Amino acid sequence: MFGQRIRRVEDPRLLSGRGRYLDDLGHDALAVAFVRSPHAHARIVDIDVSAALAVDGLVAIYTYDDLDGRTSEPLPLLIPHPTLNQGRTPYPLADGEVNHVGEAIAMVVASDRYVAEDVVGLIQVEYEPLPPVVGLAASRDGDALVHADVPGNVAATMVQEVGDAAAAIAAAAHRATLSLSIERSASMPMEGKGVLARWDADDESLLVHTSTQSSTSVRQAIAAKLSIPVDRVEVVTPDIGGGFGVKIVHPWPEEILVPWAARRLGQPVKWVEDRREHFISSAHERGQLHEVEVGYDDDGRLCGLSVRFWHDNGAYTPYGLIVPIITSTQLLGPYKPGAYRVEFQSMYTNTVIVTPYRGAGRPQGCFVMERVMDAIAADLGIDRAVVRERNFIQPAEMPYDHGLMFQDGRPLVYDSGDFPASLAKLKALVGWDEFDSFRAAARAEGRRVGIGLGCYVEGTGVGPYEGGHLRVETDGSVVVSTGLTSQGQGHQTMLAQIVADELGVEMERVRVTTGDTRRFKYAVGTFASRTAVMSGSAVALTARKVRAKALKIAANALEAAVDDLEIVDGQIRVKGSPGSEIDLGSVAVLSNPLRYAFDAGAARATQFAGPVDPTAPPVPEGEQPGLEGTDYYSPVGSTFANGMHAVVVETDPETAEINILRYCVVHDCGTVINPMIVEGQIHGGVAQGVAGALYERMEYDDAGQLLNASYMDFLMPYASEVPHIEIDHLETPSPLNPLGVKGAGEAGVIPGSAAIAAAIEDAEGFAITTMPISPSQLFDLRRRHCER
Amino acid sequence: MRVTTTVNGERYDVDDVWEGESLLYMLRERMGLPGSKNACEQGECGSCTVYLDGLPVCACLVAAGQAGGRQVTTVEGLGSAEDLHPVQQAFIAAGAVQCGFCTPGLIVQTHDLLRRDPHPDDAEIREALAGNLCRCTGYEKILDAVRLAAETMSAAPVDDPSGAAS
């Protein structure tokens, strides 16, 4: 199964309308809608609900004053960091002040969503507007403050340095400075967030369904906030309609408020985010400004690199500094920077919070580093691919320690990769060496074409751990669970492939559950391209454990030595001796000595069913009943996948329309479990990379209003915009885990802006320093360069 | 008000429908047919695409009352998990499903395309699907699926459950 293009087991349900997403559940539940701030920054003077109280179907209206116990405290700061000394998180409902358009102020519970929305419209909130801080320039000015007690709007300043970058740059033969910026975009899954909570008053327990990337942590957070013993709370993820990072943040205000209201009202309560809410009250990412100084020798080799950047973290910092830390470390890509210094400031603005979106800071870092490579090549007149080759970390240098601390608090050490081989594959795939003549021929026809490269390294499989549980049922079926969640990546298929191989059963017999705390309590979550590495390794280790137990029981039953046995298609048999075999279901029966014959199979394990050894206990010492096992995987450090993209663009000489002619990808995620799934991850990532380079941006006006908060105005690409994608793979297995896998979820998105900017630059002949870029922006750039 | 309509070949009499209610809401909340998805409520994403008298529409933009006396076909009416339509089978074979939230709308839209044009070229496929947003797949394998479905359906034609007058 491993390595094969296996069809996804999830699909028949999803294709026939039988998927069950959050909003497909809880038709008996009360509906929730929120009063959300129309101001980017304001004091709340008064909330008047009197006009709303007569609405038929209204159940309750809650404001901050109704919150009790720990629900009235700010939401948790999920990832504290020693340099984040001005971390701020919101209250579930605003306590007297709002800091971005969309912040929740009042919660309405009603018989259905139509009624709840009507009530929202009748609640009068009086505001005293405060000066809004919008964009990094206003934030850095510090004339107005987002939080009155945070001087200069600076949440954190962090510096890492290896060697003396300033000295190395000063001593270098050549120097360059660059100013590079990237605008905001967002994960924008097709399904927004949503929460359904049921309080069982008799059992004093809470069952919560939520569209999250971390059900175990949501469970702990709800228990803590509602002061309920954690064993009285279970959190289940139904089918999830995409995540891309935005659903790893938790608990969202609604994940606390909905269970809180369900307990208070004694009725099921459900909230489903609408699209506008998702735009203005979930999370964005990418907005950063970078100032770079670089020193290099005559051959284009880096001597020293110094990067200062400013990260727009929005109004609050619940996810800590993860995104800028990733930029600051992953910026280095496949290169040796010489001496390196990086300093960033994480800045408050009166806009939606910023938390990881697929790629999580890497697209910005890759854009910076690849622009540096292209600037060096242009300055020295060296081929852009050659400059990269000269700066690559070589395969013999693996594992390569950069001397920095990564996002998991552990050293930034690359485990594997063959960057020269990847680039050679990419050059062959795209026809790099032949492009000069193609460009010249196109120019002769009055066409503008250009080619660009983008290389990246992606820390994947981040710890601390994941686990797996596996049980063989007495009918021979295999049930597997892991605690992290799925948002459409095909985890059930991929994990079943691993289990089928490790255990020796047909894949159809394996059923996998993810993200259900009733089944598995200890987990971290789905982020950082970590499922194949973490849960894949965990279920493999678990399957090996259960296999060993099965062989032990079977050896006894077959009167054979364990080493002589094999498991093929669920049958345990003596190698090379057909006829003597026992199926896994029967082994499962034997593993559980019984008193009661509740079915025909069970009768075989009851106390009078066969001869007994009166000197031994029915369950052997040191064993447990049942053919099942649990194991965990916790690596010392992250795996590091890598890849390289090449893009060919054509720009219209008159309209400045930007058209992608070819998009080529070479990708190394270690060993590939299911090529079809990996390709799908790359395709989806590339589509988001192209979107971030050419189409998507968050258009805030100076007042902090998000002007394009709908699918009508936010230009998410359709099939008419995303180009055909050509892929080649290189497999350098990771030495860190039992499967050799490295993770593939985010990779495709990372070098999009870098490669497309380079291609446009090549076509146009002037530097591209700001992404995304629209035809009208390109048109303006042309005019400015003509005027010079 | 009462709305009497035929959905997936079955007659429904639905009471207490509010005049402002969408067809999507009625299908999902009152008829137990949650296959059609709600992702934007403004006709931009196509996740709620259904047939109304044989024409694909965004069910979020059609008032429930407008379905009165007419034929509606949803993704549930094209094929079940046990008996998938060739379009659905092609989506599996090509790996064209990831999170699945946009998929029901794309199945209906693809079904409509191949009914009108059994042999679309790539530009025609991209144009026909340009009202359906997908955030997961980058569309590459969806295009593969449409081409595959076109092949298999030309080789073995199937009944058309869309409710179109033929």
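Residues that are in contact (Cβ under 8 Å) with a residue 60 or more places away in the chain and under 27 Å from A:Gln489 (Cα atoms): does the range A:613-627 have at least one?
no
Whether any residue in the range A:129-147 is among the acidic types (Asp, Glu), under 18 Å from A:Glu277 (Cα atoms) and part of a loop (DSSP other than H, G, I, E, B) is what I want to check.
Just the residues of the range A:129-147 that are among the acidic types (Asp, Glu), to begin with: A:141, A:143.
Applying the additional criterion that residues be under 18 Å from A:Glu277 (Cα atoms) yields none.
Taking every residue of the range A:129-147 in turn, none turns out to be among the acidic types (Asp, Glu), under 18 Å from A:Glu277 (Cα atoms) and part of a loop (DSSP other than H, G, I, E, B).
Residue-by-condition table, conditions (1) within 20 Å of the chain's Cα centre (by Cα); (2) crowded, with 23+ Cβ neighbours inside 10 Å; (3) away from chain B (no Cβ under 14 Å); (4) of a type in the set (Lys, Arg):
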| site | (1), (2), (3), (4) |
| --- | --- |
| A:Lys247 | yes, yes, no, yes |
| A:His250 | yes, yes, yes, no |
| A:Pro259 | no, yes, yes, no |
| A:Arg263 | no, no, yes, yes |
| A:Gly266 | no, no, yes, no |
| A:Asp274 | no, no, no, no |
| A:Glu285 | yes, yes, yes, no |
| A:Gly300 | no, no, yes, no |
| A:Asn313 | yes, yes, yes, no |
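What's the total number of residues in the range A:673-703 that are free of Cβ contacts under 8 Å to residues at least 60 places away in the same chain and more than 8 Å from every other protein chain (Cβ to nearest Cβ)?
So the answer is 1.
Let me confirm something: among A:Ser481, A:Ser422, A:Ser486, which residue is crowded, with 23+ Cβ neighbours inside 10 Å, without any contact (Cβ under 8 Å) to a residue 60 or more places away in the chain and either outside the structural domain of A:Met373 (by TED's automatic domain parsing) or more than 30 Å from A:Ser214 (Cβ to Cβ) (or both)?
Values: A:Ser422 fails: without any contact (Cβ under 8 Å) to a residue 60 or more places away in the chain; A:Ser486 fails: without any contact (Cβ under 8 Å) to a residue 60 or more places away in the chain.
So the residue among A:Ser481, A:Ser422, A:Ser486 that is crowded, with 23+ Cβ neighbours inside 10 Å, without any contact (Cβ under 8 Å) to a residue 60 or more places away in the chain and either outside the structural domain of A:Met373 (by TED's automatic domain parsing) or more than 30 Å from A:Ser214 (Cβ to Cβ) (or both) is A:Ser481.
Give all pairs with beta carbons closer than 6 Å in which a residue from the range A:118-136 that is farther than 30 Å from A:Leu289 by Cβ meets a residue that is among the acidic types (Asp, Glu) and not in a loop (DSSP other than H, G, I, E, B); count only pairs at least 6 apart in sequence or on separate chains.
A:Gln124/A:Asp48; A:Glu126/A:Asp46
Is one or more of the residues making up the range A:587-600 among the aromatic types (Phe, Trp, Tyr) and over 25 Å from A:Thr237 (Cβ atoms)? If you could, list the steps in order and put the result at the bottom.
Applying the first criterion (among the aromatic types (Phe, Trp, Tyr)) to the range A:587-600 yields A:596, A:598.
After this cut, where a residue has to be over 25 Å from A:Thr237 (Cβ atoms) as well, the list is A:596, A:598.
Scanning the range A:587-600, I find at least one residue that is among the aromatic types (Phe, Trp, Tyr) and over 25 Å from A:Thr237 (Cβ atoms), so the answer is yes.
When residues of the range A:634-663 are filtered for being farther than 30 Å from A:Arg783 by Cα and surrounded by fewer than 24 Cβ atoms within 10 Å (Cβ to Cβ), how many remain? First the steps, then the outcome.
To start, the set of residues in the range A:634-663 that are farther than 30 Å from A:Arg783 by Cα comprises A:634-644.
Right, trim to surrounded by fewer than 24 Cβ atoms within 10 Å (Cβ to Cβ) and you get A:634-637.
So the count comes out to 4.
Among A:Thr493, A:Thr513, which is assigned to a strand (DSSP E or B) and of a type in the set (S, T, N, Q)? First the steps, then the outcome.
Values: A:Thr493 fails: assigned to a strand (DSSP E or B).
Unique residue meeting the criteria: A:Thr513.
Under the condition of being within 9 Å of another protein chain (Cβ to nearest Cβ) and hydroxyl-bearing (Ser, Thr, Tyr), which residue from the range B:76-129 is surrounded by the most Cβ atoms within 10 Å (Cβ to Cβ)?
Taking the candidates together, the pick is B:Thr103.
Determine, yes or no, whether A:Val386 is in contact with a Lys or Arg (Cβ under 9 Å, 6 or more places away or on another chain) and in contact (Cβ under 8 Å) with a residue 12 or more places away in the chain.
Numbers: in contact with a Lys or Arg (Cβ under 9 Å, 6 or more places away or on another chain): no; in contact (Cβ under 8 Å) with a residue 12 or more places away in the chain: yes.
So A:Val386 fails the test.
Quick check: anything in the range B:44-56 surrounded by 24 or more Cβ atoms within 10 Å (Cβ to Cβ), on the phi > 0 side of the Ramachandran plot and more than 7 Å from every other protein chain (Cβ to nearest Cβ)?
Yes.
For the range A:716-735, which residues satisfy the criterion of being assigned to a loop (DSSP other than H, G, I, E, B), more than 14 Å from every other protein chain (Cβ to nearest Cβ) and surrounded by fewer than 24 Cβ atoms within 10 Å (Cβ to Cβ)? Before the answer, list the steps.
Filtering the range A:716-735 down to residues assigned to a loop (DSSP other than H, G, I, E, B) leaves A:716-724, A:730-735.
Now narrow it down to the ones that are more than 14 Å from every other protein chain (Cβ to nearest Cβ): A:730-735.
Once the filter is applied, which keeps residues that are assigned to a loop (DSSP other than H, G, I, E, B), more than 14 Å from every other protein chain (Cβ to nearest Cβ) and surrounded by fewer than 24 Cβ atoms within 10 Å (Cβ to Cβ), the range A:716-735 yields A:Leu730, A:Glu731, A:Thr732, A:Pro733, A:Pro735.
Which residues, taken from the range A:498-546, are under 22 Å from A:Val587 (Cβ atoms) and buried (at least 23 other Cβ atoms within 10 Å of the Cβ)?
Kept after step one, since they are under 22 Å from A:Val587 (Cβ atoms), are these residues of the range A:498-546: A:498-512, A:539-546.
Correct list: A:Ile498, A:Val499, A:Glu502, A:Leu503, A:Val505, A:Val510, A:Val512, A:Val539, A:Ala540, A:Thr542, A:Ala543, A:Val546.
Here are the criteria: (1) in contact with an Asp or Glu (Cβ under 8 Å, 6 or more places away or on another chain); (2) buried (at least 24 other Cβ atoms within 10 Å of the Cβ); (3) under 21 Å from A:Met373 (Cα atoms). Tell me which single one A:Thr327 does not satisfy.
Every condition holds for A:Thr327 apart from (1).
Out of A:Arg5, A:Arg18, which single residue is within 14 Å of chain B (Cβ to nearest Cβ) and touching a Pro at 6+ places or on another chain (Cβ under 6 Å)?
A:Arg5
When A:Thr732 is evaluated against the numbered criteria (1) among the hydroxyl-bearing types (Ser, Thr, Tyr); (2) closer than 20 Å to A:Gly417 by Cβ; (3) touching a His at 6+ places or on another chain (Cβ under 8 Å), which criterion, by number, is the only one it fails?
(3)
Of the conditions (1) under 26 Å from A:Ile750 (Cβ atoms); (2) in a loop (DSSP other than H, G, I, E, B), A:Asp298 fails just one. Which one is it?
Checking A:Asp298 against (1) under 26 Å from A:Ile750 (Cβ atoms); (2) in a loop (DSSP other than H, G, I, E, B), the one that fails is (1).
Scan the range A:432-447 residue by residue and report those that are over 19 Å from A:Ala754 (Cα atoms) and either in contact (Cβ under 8 Å) with a residue 12 or more places away in the chain or under 35 Å from the mean Cα position of the chain (by Cα) (or both).
From the range A:432-447, those over 19 Å from A:Ala754 (Cα atoms) are A:433-434, A:436-447; that's our starting set.
Selection gives A:Arg439, A:Ala442, A:Gly446, A:Arg447.
Name the helices (runs of 4 or more DSSP H) wholly inside the range B:64-166 in which the number of residues that are touching a residue at least 60 places away in the same chain (Cβ under 8 Å) is 1 or more. Outline the logic, then answer.
Details: elements: B:75-78, B:86-94, B:103-116, B:122-128, B:140-155.
Hits in the range B:64-166: B:75-78, B:86-94, B:103-116, B:140-155.
When the residues of the range A:170-189 are filtered to those that are of a type in the set (D, E, K, R) and under 25 Å from the mean Cα position of the chain (by Cα), which remaining residue is farthest from B:Cys136 (Cα to Cα)? Give the steps one after another, and end with the answer.
Let us first name the residues in the range A:170-189 that are of a type in the set (D, E, K, R), namely A:175, A:183-184.
After this cut, where a residue has to be under 25 Å from the mean Cα position of the chain (by Cα) as well, the list is A:183-184.
Numbers: A:Glu183: 21, A:Arg184: 19 Å.
Going through the qualifying residues, I end up with A:Glu183.
The values are calculated or read from the model by the stated rules, or taken from the named source; none is laboratory data. Just so you know, these numbers come straight off a predicted model, no measurement behind them. A quick note on method: Cβ atoms are made from the backbone with ideal geometry, for glycine too, and the neighbour counts reach across all protein chains shown.
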